[in-house]
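The values are calculated or read from the model by the stated rules, or taken from the named source; none is laboratory data. What you see is a predicted model; the values in this text were computed from it and never measured. Here the Cβ positions follow ideal geometry from the backbone for every residue, glycine too, while neighbour counts run over all protein chains shown.
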């Protein structure tokens, strides 16, 4: 039976594992689609429109917001970022799930949007603050100053854990991924996400009547 695609929101403080889990999820199920954001910042070398971002002028972005074409948006360091509604709705119609790697603010806007009924939100917690700090330093991507900033921001992000449908503590990446898959598979089977179910039951009833 045909299934309507759902919107899977993954959020976590930086270093807790949401981006890695997102990549694992996309590799596990080739039907899943990653939500590509729109932005008003200029493309960087090697970036392509529609792959890393949908690059739009400020006027184009503001028009999209005004016309209700954005599920969520925010201004960061002078540039707008947001989630276009059209590709997500197309994925849902095709029965494909869309994965969002976004923060709590973006997740909150999507949950409060017209598509909120189709959202499954998951927050990923680190096993400890010490481990979170260690993971950020192990990546060797940021300076001590940047890491300190990320750690300071993490406290605020973690404070929103109770707003999510599910919360996973990422003690072991493989075990957490198995939990993530279990959630997704269960949510896919919800009665209200199987639009063909009513017709199928009517067919069964007609078989009873024909006996």
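The residues of the range 81-99 that are under 14 Å from residue 53 (Cβ atoms) and buried (at least 21 other Cβ atoms within 10 Å of the Cβ), listed by number, are 82, 83.
Taking (1) under 19 Å from residue 97 (Cα atoms); (2) surrounded by 12 or more Cβ atoms within 10 Å (Cβ to Cβ) in turn, residue 191 satisfies each apart from (2).
Quick one: how many residues across the range 156-168 are free of Cβ contacts under 8 Å to residues at least 40 places away in the same chain and over 12 Å from residue 103 (Cβ atoms)?
Step one: filter the range 156-168 for residues free of Cβ contacts under 8 Å to residues at least 40 places away in the same chain, giving 156, 159, 161-162.
From what's left, over 12 Å from residue 103 (Cβ atoms): 159, 161-162.
Of the residues in the range 156-168, 3 are free of Cβ contacts under 8 Å to residues at least 40 places away in the same chain and over 12 Å from residue 103 (Cβ atoms).
Quick one: is residue 168 more than 30 Å from residue 67 (Cβ to Cβ), in a helix (DSSP H, G or I) and modelled with pLDDT of 95 or more? Here the answer is no, as residue 168 does not meet what is asked.
Checked against (1) within 23 Å of residue 187 (Cβ to Cβ); (2) in contact (Cβ under 8 Å) with a residue 40 or more places away in the chain, residue 82 meets all criteria but (1).
Taking the stated definitions as given, is residue 33 surrounded by 12 or more Cβ atoms within 10 Å (Cβ to Cβ), under 22 Å from residue 183 (Cα atoms), within 17 Å of the chain's Cα centre (by Cα) and free of Cβ contacts under 8 Å to residues at least 12 places away in the same chain?
Working: surrounded by 12 or more Cβ atoms within 10 Å (Cβ to Cβ): yes; under 22 Å from residue 183 (Cα atoms): yes; within 17 Å of the chain's Cα centre (by Cα): yes; free of Cβ contacts under 8 Å to residues at least 12 places away in the same chain: no.
When the stated conditions are applied, residue 33 does not pass them.
Yes or no, residue by residue, for (1) assigned to a helix (DSSP H, G or I); (2) surrounded by fewer than 16 Cβ atoms within 10 Å (Cβ to Cβ):
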| site | (1), (2) |
| --- | --- |
| 105 | yes, yes |
| 109 | yes, no |
| 113 | no, no |
| 117 | yes, yes |
| 121 | no, no |
| 132 | yes, no |
| 142 | no, yes |
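Do any residues in the range 138-154 that are within 18 Å of residue 125 (Cα to Cα) have Cβ atoms under 6 Å from those of residues that are part of a loop (DSSP other than H, G, I, E, B) and modelled with pLDDT of 85 or more, where the two are at least six apart or on different chains, and which pairs are they? Correct list of pairs: 150/14; 154/13.
I'd like to know if the range 10-29 contains one or more residues that are part of a loop (DSSP other than H, G, I, E, B) and over 24 Å from residue 108 (Cα atoms). Yes, that holds for at least one residue.
Which residues, taken from the range 48-68, are more than 20 Å from residue 99 (Cβ to Cβ) and part of a loop (DSSP other than H, G, I, E, B)? Matches in the range 48-68: 56, 57, 67, 68.
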